[in-house]
Amino acid sequence: MSTTVTAAELARLAPTQTLMSALKSIRPWFLSVRGTTPMVVIDGSPPLELALLDGLRVTDVFEVRLERANSPGSYTAVTPSGWVIAGDLLVVRTRRATAP
C-alpha cells in the first residue's frame, strides 16, 4: 500500500472532484488511520482539520503523503488553539507550492 498519492494519479480523476472525494475512492484508509482521523498540513501550514480537503480540487494538488506518527520525519505540533497533535498527518503539496 502506497503512502503517497501522485499528481499522475490525481490527473486521472474528474477535474472538478475534491481532494476529499478523491481520497475516499483511491486511498480510503488515508482518512481513518488506525481508528483515528489524521490532521492535514497544506504547503507547510500548521496541522488543520481534515474537512479542509473538501475545499481543494484535485487539479490544485501535486501530491499527498500519509506520514504516520511513528515514522521517521514525523513531528508533534501545537495548533493555534493550543492542542498538541502527535498523530498521523496528511501532507498536501499544492501545484502553487511547486511552481517555479
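The values are calculated or read from the model by the stated rules, or taken from the named source; none is laboratory data. Not measured: the values here are computed from a predicted model. In this analysis, Cβ positions are derived from the backbone assuming ideal geometry, glycine residues included, and neighbour counts consider all displayed protein chains.
With Leu90, Leu23, Leu31, Leu66 as the choices, which residue is touching a helix residue (DSSP H, G or I) at 6+ places or on another chain (Cβ under 7 Å) and modelled with pLDDT of 95 or more?
Leu23
Which of the numbered conditions does Pro46 fail, given that it passes all the others? Conditions: (1) part of a helix (DSSP H, G or I); (2) modelled with pLDDT under 85.
(1)
Taking region 49-67 as the region of interest, how many residues are of a type in the set (A, V, I, L, M, F, W, C) and part of a helix (DSSP H, G or I)?
The total comes to 5.
Kindly list the number of the only condition in (1) within 11 Å of the chain's Cα centre (by Cα); (2) of a type outside the set (A, V, I, L, M); (3) surrounded by 13 or more Cβ atoms within 10 Å (Cβ to Cβ) that fails for Glu49.
That leaves (3) as the condition not met.
Quick check on region 19-34: of everything there that is charged (D, E, K, R) and surrounded by fewer than 18 Cβ atoms within 10 Å (Cβ to Cβ), which residue is nearest to the chain's Cα centre (by Cα)?
So the residue we want is Lys24.
Pairs, please: C-beta under 9 Å, at least 6 apart or cross-chain, first residue farther than 20 Å from Ala69 by Cβ and in region 79-100, second part of a helix (DSSP H, G or I) and modelled with pLDDT of 65 or more?
Going by the 9 Å Cβ cut-off, the qualifying pairs are Thr94/Asp60; Arg95/Ala7; Arg95/Thr59; Arg95/Asp60; Arg96/Asp60; Thr98/Ala7.
Could we say that Thr37 is among the hydroxyl-bearing types (Ser, Thr, Tyr), in contact with a helix residue (DSSP H, G or I) (Cβ under 9 Å, 6 or more places away or on another chain) and either over 15 Å from Val92 (Cβ atoms) or surrounded by 11 or more Cβ atoms within 10 Å (Cβ to Cβ) (or both) here?
Yes.
Residue-by-condition table, conditions (1) part of a loop (DSSP other than H, G, I, E, B); (2) of a type in the set (Gly, Ala, Ser); (3) touching a residue at least 60 places away in the same chain (Cβ under 8 Å); (4) touching a Pro at 6+ places or on another chain (Cβ under 8 Å):
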residue	(1), (2), (3), (4)
Ser2	yes, yes, no, no
Glu9	no, no, no, no
Leu13	yes, no, no, no
Ser25	no, yes, no, no
Trp29	no, no, no, no
Val40	no, no, no, yes
